[in-house]
Amino acid sequence: TSTLRPAVRQRRPPSAFPVVDGALQPAHLHVYQANLHNSGVCQQRYLKYQEQAMMGGGENATTRHTQRNKKLLVRDRLRMLLDDEDYLELSPFAGLDLDYGSIPSAGCLTGIGKINGLWCVFIANNATVKGGTAYPITVKKQLRAQDVAMQNRLPCVYLVDSGGAFLPLQSEIFPDKNHGGRTFYNEAIMSAMKIPQVAVVCGSCTAGGAYVPTMAEEAVIVHKIGTIFLGGPPLVKAATGEEVSPEDLGGARVHAEVSGCVDHFAPLERDAYEHARNIISTLNFELPADENEAVEEPLHSVEDLKGLAPRSYNHSLDVRMIVSRLTDGSRFQEFKARYGTTLVTGFGKIEGHLVGIVASNGELTYEASLKGSHFVQLCDQRDVPIIFLQNTAPKPAMTPSQHKAEAHSNRLKAQSSMMAAVACASTPRITVVIGGCHGADSYAMCGRSFDPNFLFLWPNARVSLVAPGCSDALVEEEHDVTHLKKKLEEESSAFFSSARLWDDGVILPQDTRKVLNKCLKIIKQQEYQLSKERLRAPLLRM
Ligand code: COA
């Protein structure tokens, strides 16, 4: 068909972008040291959260899950489903320390891993966390994973093991547009978009959960472990007085032999993951050719990024030093280097992928915004993915004089154009918040509401409308100032953000190059889907 591409892909033209100067000067040392110390503290917190997330529902629930319920743990399931453990987990800290409690990993693991060489989104309930029931944050996490699948056109695999809605919070899960029902709506839209979906029923699929496998394109169920019903045996007993076992009410035999709700019967769990892997092999994708091009490492160690990650806005060093630790060979073809210098723009390669880089290097001024719009449009025209390195100013611009007011109005207009250019760019965009994510500048730097394909935070990142300490002028009472400052301090941490799913996860600065490489490979896969020509109207409804 017309979408078939030649088996041998053309090589990219060679590039010898200039090496950017990223050397650390003696004058930078005290700032570097302060940042390094702060990064050490942040990394400790990161490790603590990681441990909490890995514990799932705790020891008792884990024993109940494996011994009494004879089920595999969610990470063992993923090990059987995926080719390797080199997957990109999304928002592992979601759900920690929320007002309604700590829900490790929001009760479900989501991410992107390879199945028979193909990147697939996975959404896997963790039934050790309150029987895998859906809290509001669980719903949000599942919807975000489906968004990732849609935006990057990735097949999606659901491992379903869930007691349905977490009933005490039902009002926050059930009725609204982006609540539980949206999962099923998305499944239909994804099918119409030709995004393949496979479900493995490896536990309960109760109530709403029952629709996940039934709306998927192919479903597998595990004998004696998987069940699908709208109301379980206790409900049947209450309604009719009849005693019925889960297996007879909605077990693997019933659904594989009588109802036809599932398509494949797996005697054991491990067979189910084999089925799922085989189904993925039937999708009409080709695999990208192995690119054996030698990749240059950056000239400086990625470990230096810990000392470049600003502990506060005042501790930001020239962002080219960060760029020089992310790009291949520390090479960077800078664009408009002498104009609007508070924004650094240019082309570089990350593990061989050509990218445009838009990096904050101070306030987003009038000139910087014009430059930003121009560069984003260039990338869009050339179909080059854009990496935003975001570190926006903590304070809104004040207008103490008429002259300044004019300057600010001009800047407002220029920022609006940049926001429009970023919003309308159809090329993939990835945002990494390397410092501050504050105020309107953060929109132009492709914040969450501007729909980047992925958005990650460094652990030192701060996310708030205005930074703590910059809000004093807005509040009169001293008590209120202290209170507001404390609240802002807590609420602006990267971990607070990630717990609420305002991003796709906190990543360590030294891992950024690896993570970006993975994302760029994932994004590219859509070029290899052969069965995509019949795109239909639902796309327009998104
Ligand atoms: N809402 C709130 N809490 C729930 C829940 C729900 N829908 N389903 C389970 N839980 C809680 C249990 O109370 C228990 O809490 P605890 O650990 O604090 O005691 C925990 O989740 C685990 O449940 P448990 O029944 O002990 O585990 P299990 O592995 O034997 O069974 C289920 C898991 C999901 C099969 C079973 O709990 C169940 O059938 N739940 C009800 C499902 C339902 O009817 N949902 C309708 C929602 S609309």
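Please determine whether any residue of region 491-511 is charged (D, E, K, R), surrounded by fewer than 21 Cβ atoms within 10 Å (Cβ to Cβ) and closer than 22 Å to ASN152 by Cβ.
yes
Which is touching a residue at least 60 places away in the same chain (Cβ under 8 Å) and at negative phi, of GLU247, GLU218? Break it down into steps so the answer makes sense when it comes.
Values: GLU247 fails: touching a residue at least 60 places away in the same chain (Cβ under 8 Å).
From the options GLU247, GLU218, the qualifying one is GLU218.
Of everything in region 397-451, what is over 21 Å from LEU520 (Cβ atoms) and in contact with a strand residue (DSSP E or B) (Cβ under 8 Å, 6 or more places away or on another chain)? Give them in sequence order.
GLY435, GLY436, CYS437, HIS438, ASP441, SER442 - these are the residues of region 397-451 that are over 21 Å from LEU520 (Cβ atoms) and in contact with a strand residue (DSSP E or B) (Cβ under 8 Å, 6 or more places away or on another chain).
Looking only at region 228-238, which residues are within 9 Å of the ligand (Cβ to nearest atom) and of a type outside the set (A, V, I, L, M, F, W, C)?
GLY231, GLY232, PRO233, PRO234
Here's a check for you: in region 194-208, which residue that is among the β-branched types (Val, Ile, Thr) and under 18 Å from ASN278 (Cβ atoms) is nearest to the ligand (Cβ to nearest atom)?
The residue in question is VAL201.
Being acidic (Asp, Glu), out of contact with any Phe, Trp or Tyr (no Cβ under 8 Å at 6 or more places or on another chain) and either modelled with pLDDT of 95 or more or assigned to a helix (DSSP H, G or I) (or both): is that true of ASP480 here?
yes
Please verify whether THR327 is under 24 Å from ALA461 (Cα atoms) and crowded, with 16+ Cβ neighbours inside 10 Å, treating the condition exactly as stated.
yes
Just name the residue that is nearest to the ligand (Cβ to nearest atom) out of those in region 150-193 that are within 26 Å of HIS65 (Cβ to Cβ), in a helix (DSSP H, G or I) and among the aliphatic types (A, V, I, L, M).
LEU167
Take residues that are under 19 Å from ASN391 (Cα atoms) and of a type in the set (Ser, Thr, Tyr) and tell me which of the strands (runs of 3 or more DSSP E) falling wholly in region 294-365 contain 2 or more. Write out each step before concluding.
Values: elements: 333-335, 343-350, 353-360.
Result: empty, no element qualifies.
For region 209-227, enumerate the residues that are within 16 Å of the ligand (Cβ to nearest atom), part of a helix (DSSP H, G or I) and not β-branched (Val, Ile, Thr).
GLY209, ALA210, TYR211, PRO213
It is to be established whether one or more residues within region 250-268 are modelled with pLDDT under 95 and buried (at least 17 other Cβ atoms within 10 Å of the Cβ).
No, region 250-268 has no match at all.
Taking helices (runs of 4 or more DSSP H) that do not extend beyond region 488-542, which have at least 2 residues that are modelled with pLDDT under 95?
On the way: elements: 494-499, 512-524, 538-541.
It comes to 538-541.
Sort through ALA7, ALA23 and tell me the only one that's at pLDDT below 90, of a type outside the set (D, E, K, R), exposed (fewer than 13 other Cβ atoms within 10 Å of the Cβ) and out of contact with any His (no Cβ under 7 Å at 6 or more places or on another chain).
ALA7
Can you tell me which residue in region 122-140 is surrounded by the most Cβ atoms within 10 Å (Cβ to Cβ), limited to those that are within 8 Å of the ligand (Cβ to nearest atom) and assigned to a helix (DSSP H, G or I)?
Only one residue fits best here, namely GLY132.
The values are calculated or read from the model by the stated rules, or taken from the named source; none is laboratory data. Because the structure is a prediction, the values reported are computed rather than measured. Note that we place each Cβ from the backbone using ideal geometry, even for glycine, and neighbour counts take in every protein chain shown.
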